[in-house]
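Some notes on the structure that comes next.
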Amino acid sequence: MKRSNGAASKYERDSMNETAAPSTGADRKVRLAIIGWGAIGQTVGRLLTRAGQASDIDIVAVAVRDQARVRNDIPSTATVLTDPASLAATRPHVVAEAAGRDSVEPWGRAALGCGADLIVSSVSAFADAELFTRLTSLAAVNGAQIHIQPGALGGVDALSAARLMGIDSVEHRIVKPPLAWAGTPAEAMCDLEGIERATEFFSATATHTANSFPKNANVAMTTALAGIGPERTLITLVADPGTTTNRHEISAHGAFGRLDVTVTNNPLPDNPKTSAMAALSLVRAIENRNTTVVI
């Protein structure tokens, strides 16, 4: 696998350093580092190492904030890291971030700096346009790739494809139960405990939304980067006492036609604030690195 700039891929670089004949195709093992071992990271690790499941993924590193904390569920093959400077020594091919917005820059720089591909879950970090530029430049220099995985969303691939013909407008509505917005600026915008019907309490660009609600509206930047950009993508936040799930409604229209996608997410059992689809999409993004058929 060659990058467009002619740099050897991470698989080829590993093969050059091996005395045995290099493996090809689906026989190659992907060396994976997972950044974050919260509800998403643990679910990803569990699904990738599920009993009886032959895997072409080796989890070689797991990054955590507190190395002293006992974690019995980290795979025995993984080196536990707390310092991004230690990442390169584990020789990852792919680094999957699932640790929150603040982790994207330090671990992203470490991953791309050693030529590993970076899968980003905390896409709200890219509301910082300068950070986005720094990381994409670093990826280009080192022949690496940044993969923004869809997380809790659906239809991101269609939205990105539609961009090639032209998109006039994109709106992304994020609908959650009122108490799911607790602890955010929403508390000052509406009576979360007293509302009786679905209430739109915030509407702004993806950049403004991601900065104001970095955890609750993380996927706002995913929609924006897939489509017409952060400053032209409208995000509307809704508190709905009639729902118990998190719902994303994406609508777009342009020369390609019209796109309307609705995804209703159940929460992860381990963390009711996190959509199960966020973890499932990350597993899919990782497994697609080394599968014969990619959909």
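No value in this document is a laboratory result; all are computed from the given coordinates. As the structure is a prediction and not an experimental result, all values here were calculated from the model. FYI the Cβ positions are ideal-geometry reconstructions off the backbone, even for glycines, and counts take in every protein chain you see.
List the residues whose amide H sits under 5 Å from the amide H of Ser275, counting only those 5 or more places along or on another chain, with H placed 1.01 Å from N in the peptide plane.
Sorted by chain and number, the residues that satisfy this are Leu268.
At 0.36 nm per residue, minus the direct Cα-Cα distance, what do Arg247 and Asp73 gain on full extension? Give it in nm, one decimal, please.
Net length gain for the segment: 59.6 nm.
Enumerate by residue number the GluC sites (Glu not before Pro) in the stretch 153-233 meeting two conditions: DSSP loop (anything except H, G, I, E, B), and at most 10 other Cβ atoms within 10 Å of the site's Cβ.
For GluC sites (Glu not before Pro) across the stretch 153-233 that sit outside H, G, I, E and B with at most 10 neighbouring Cβ atoms in 10 Å, the list reads Glu193, Glu196.
Roughly how far apart, in whole Å, are the Cα centres of the stretch 60-132 and the stretch 168-200?
Each part reduced to its Cα centre gives a spacing of 31 Å.
Under a Cβ-Cβ cut-off of 13 Å, what is the net charge of the residues other than Arg173 that fall near it, where Lys and Arg count +1 and Asp and Glu count -1?
Charge balance near Arg173 sits at -3.
Under 5 Å between amide hydrogens, which residues at least 5 positions from Leu118 or on another chain qualify, with H placed 1.01 Å from N in the peptide plane?
When sequence neighbours closer than 5 places are left aside, the close amide H contacts are Val95, Gln145, Ile146, His147.
Residue by residue through the stretch 285-294, what is 3J(HN,Hα) from phi via Karplus (6.51 cos²θ - 1.76 cosθ + 1.60, θ = phi - 60°)? Round to whole Hz and write x for glycine and proline.
Rounded to whole hertz, the list is 4, 6, 5, 5, 5, 9, 9, 6, 10, 10.
If the cut-off is 12 Å between C-alpha atoms, which aspartates and glutamates fall inside it for Lys176, apart from same-chain ones fewer than 8 positions away?
Within reach: Glu200, Asp240, Glu249.
How much length is gained if the chain between Ser86 and Ala182 is pulled fully straight, taking 0.36 nm per residue apart and subtracting their Cα-Cα distance, in nm to one decimal?
30.9 nm
How large is ³J(HN,Hα) for each residue in the stretch 265-274, as worked out from phi by the Karplus curve 6.51 cos²θ - 1.76 cosθ + 1.60 (θ = phi - 60°), to whole Hz, x for Gly and Pro?
9, 7, x, 5, x, 7, 7, x, 7, 10
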